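First the structure, in the form of structure tokens, and then the observations on it.
The values are calculated or read from the model by the stated rules, or taken from the named source; none is laboratory data. Just so it is clear, the structure is predicted and the values come from calculations on it, not from any experiment. Note that we place each Cβ from the backbone using ideal geometry, even for glycine, and neighbour counts take in every protein chain shown. The protein model used for the area step is the full one, side chains on, heavy atoms only, and it has no ligands, DNA or RNA in it. Shrake-Rupley method; radii C 1.70, N 1.55, O 1.52, S 1.80 Å.
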Amino acid sequence: MTRRHVPEPSAGLAGRVALVTGAASGIGAATAHRLAAAGARVAVLDRAFEPARTVAAEITDRGGEARAYRVDVSDGDAVTATVARVVTEFGRLDLACNNAGVPGVLADTADYPPSVWHRVLAVNLTGVFHCLQAELRQMRRQGTGGAIVNTASVAGLRGVPGASAYAAAKHGVVGLSTSAAVEYAAAGIRINVVCPGLVRTPLPTFATADFAAAHPIGRAATPEEIADVICFLLSDAASYLTGAVLPVDGGLAAGTVRP
Ligand code: NAD
């Protein structure tokens, strides 16, 4: 009988260099911890430097390897410089999770403050573009492939009344990611998207208890439940997955209305 090789969900993470944005808190911090626990060497990027340093210190205290970097992903030049520093200090870049995001405010479209619209798009969409571009250039230069996961949201699949800027940005992340996935598939660089529903982090400031209950599973996710899926998508266990847009939402996008 032929023996089949069955990859572990963390296969191929050990020794790889991984970059995570928004890694000082929530889903990004959980992802940095999970990647490090699987043996990856992790660059912890965030606009909030002290909490990023804390995450990196927690990882090193547990025997992992991590360094913190301060960067605002809406600043393209700063992203380019930071990715270059990561490559200088770690030697290469194999994996990335572009995850930094802000919620914006709750207001219907006619009353949505343009300044907040611009900031939400600058961080949640253009920030992903800046990171993706710097990462792809480095991976292309290395010529050994790579894997990238971008954090969108169920708001990238559906409209969200009161959060049009957030939904527009997240729909943009889906379109950006699927386009790039096709562009770089032949180069061995896989790009996938996770679309969480409600996750227990500081971000969803305006989500209600009713919204959590609307998830068919009946509760919000923990950050670790999203991080585990991100790590799977970054691992060799997902070697044939690219351009996937994966709801990780307790069934929210599958439909909630019972006739
Ligand atoms: P969080 O607030 O816990 O973490 C977000 C992190 O991003 C913070 O550490 C923050 O400092 C950082 N950040 C914000 N703006 C930045 C910038 N300009 N440059 C660099 N870092 C910046 O939130 P989270 O829930 O972990 O969110 C992570 C991602 O998941 C976001 O993209 C968010 O839109 C998405 N998401 C969250 C939920 C949820 O319910 N929590 C649901 C769907 C999608």
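Here are a few things to note about the model shown:
- Residues of the range 230-259 that turn out to be touching a helix residue (DSSP H, G or I) at 6+ places or on another chain (Cβ under 7 Å) and part of a loop (DSSP other than H, G, I, E, B), as a count: 4
- The residue pairs whose first member lies in the range 133-154 and is more than 18 Å from residue 240 (Cβ to Cβ), whose second member is basic (Lys, Arg) and away from the ligand (no atom under 15 Å from the Cβ), and whose beta carbons are closer than 7 Å, counting only pairs six or more residues apart or on different chains, are 142/92.
- Only one of the numbered conditions (1) without any contact (Cβ under 8 Å) to a residue 40 or more places away in the chain; (2) of a type in the set (A, V, I, L, M); (3) touching an Asp or Glu at 6+ places or on another chain (Cβ under 6 Å) is not met by residue 14, and that is (3).
- Every condition in (1) more than 16 Å from the ligand (Cβ to nearest atom); (2) part of a loop (DSSP other than H, G, I, E, B); (3) under 15 Å from residue 45 (Cα atoms) is met by residue 84 except one, and the failing one is (2).
- Among helices (runs of 4 or more DSSP H) entirely within the range 111-229, having at least 1 residues that are within 12 Å of the ligand (Cβ to nearest atom), open to solvent by 20 Å² or more (accessible area, probe 1.4 Å) and at pLDDT 95 or above singles out 114-121, 127-142, 164-184.
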